[in-house]
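One structure is given below, encoded as structure tokens.
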Amino acid sequence: MKTPLDSIWGTIISGLVLTVILYVFTANFLH
Amino acid sequence: MELIVIRWLHILAGITWIGLLYYFNFVQAPGMAAAKADGTAGGISKHIAPRALLWFRWGAVATWVLGALYLFRAGNISFGDAFMLRGASATIGVGAWLGTVMFFNVWVIIWPNQKKVLGIVPTDDAAKARAARVAFLASRTNTMLSIPMVFFMVAGPHMGVLPKLF
């Protein structure tokens, strides 16, 4: 089964999206 | 003085680890497909990959240990608060958790499976193909995690408490 991680750009975009999600979580719920 | 030396060595070790992670993902894995097609992959598997993996996995150890040591010695943030995601340590703590998951991936998933792929641990072709797929996905997962990991590592000292976007 193919996943976004099979392509380099899919991996990079997934990392950027995860960064935004973790930023919002950290800024709103951890401080 | 002591803290800046630990931080400097932590970053040097991190460059070694993540630099080789990017080498595997952006250079070696796509290059291996081309090398297999013209019958030159054997040299990479025999001479390049084992050396790269040696520096990769021990770079991961050095990075994690030096990072932990920094958190234990630093005055404004702490190891416990970082991993409990508390207060001013929470930002770098998110980076520390991501780095810890990546460190686990290296030693528990990538390296044992790469040993099968490279023939260090003898196995049949079907198991080798499965190991290659698992190692590939774990390596790509680490590449994905490295993006927020580096953000939170640098945001901790530079931004402290993160401003809300909305």
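The values are calculated or read from the model by the stated rules, or taken from the named source; none is laboratory data. What you see is a predicted model, and the numbers here were worked out from it, not measured in a lab. Note: ideal-geometry Cβ built from the backbone for every residue, glycine included; neighbour counts use all protein chains shown. In case anyone asks, the SASA skips ligands and DNA or RNA and just uses the protein heavy atoms, side chains included. Shrake-Rupley method; radii C 1.70, N 1.55, O 1.52, S 1.80 Å.
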For chain B, how many pairs of lysine residues have a Cα-Cα distance under 21 Å, where the two are 8 or more positions apart or belong to different chains? 9
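At the nearest 100 Å², what buried accessible area, both sides summed, do you get for A and B when the probe is 1.4 Å?
In total, this chain pair buries about 2100 Å².
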For the residue pair B:W8 and B:V154, what label-to-label distance in nm results when each label sits 7 Å from Cα along the Cα-to-beta-carbon direction? 2.0 nm
Say a paramagnetic label sat at a point 7 Å from the Cα of B:A41, along Cα to Cβ; which residues of the stretch B:106-121 have their backbone N under 13 Å from it? B:117-119
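Quickly estimate the mean residue ellipticity at 222 nm for chain B, helices only: each DSSP H run with n ≥ 4 gives -39500 (n - 2.57), and the total goes over all residues, rounded to 500.
Details: 7 runs with 118 residues, N = 166.
Helix contribution divided over all residues of chain B: -24000 deg cm²/dmol.
Want the number for B:L54 to B:T100: 0.36 nm per residue separation, take away the alpha-carbon distance, what's left?
Values: separation 46, 0.36 × 46 = 16.56 nm, distance 1.87 nm.
Residue separation times 0.36 nm, minus the Cα-Cα distance, leaves 14.7 nm.
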List B:K164, A:K2, B:K46, B:K116, ordered by accessible area with a 1.4 Å probe, largest first: A:K2, B:K46, B:K164, B:K116
What's the angle, to the nearest 10 degrees (0 to 90), between helix B:49-73's Cα axis and the longest principal axis of chain B? 10 degrees
Exposure of B:W58 as accessible area (Å², to 10), given a probe of 1.4 Å and all protein chains: 140 Å²
How about the stretch A:6-25: which of its residues lose at least 40 Å² of accessible area in the presence of all protein chains relative to their chain isolated, using a 1.4 Å probe? A:D6, A:I8, A:T11, A:L18, A:T19, A:L22, A:Y23
With the charge dipole of the protein assembly as shown built from beta-carbon charges (+1 for Lys and Arg, -1 for Asp and Glu) about the Cα centre, the Cα from B:L71, B:G59, A:F25 projecting farthest to the positive end belongs to B:G59
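What percentage of the solvent-accessible surface of chain B, computed with a 1.4 Å probe over protein heavy atoms, is contributed by carbon and sulfur atoms? Please report the intermediate quantities before stating the final value.
Details: 6300 of 8840 Å².
Accessible surface attributable to carbon and sulfur in chain B totals 71 percent.
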Quick one: among B:D38, B:D125, B:D81, which has the greatest mean-square fluctuation in a GNM of chain B with alpha-carbon springs under 10 angstrom? B:D38
Accessible area (Å², per residue) of the protein assembly as shown, counting only protein heavy atoms and a probe of 1.4 Å: 55 Å²
With the solvent-accessible surface defined on protein heavy atoms using a 1.4 Å probe, which residues belonging to the stretch B:79-123 display a reduction of at least 30 Å² in accessible area in the multichain context relative to the isolated chain? B:L85, B:V94
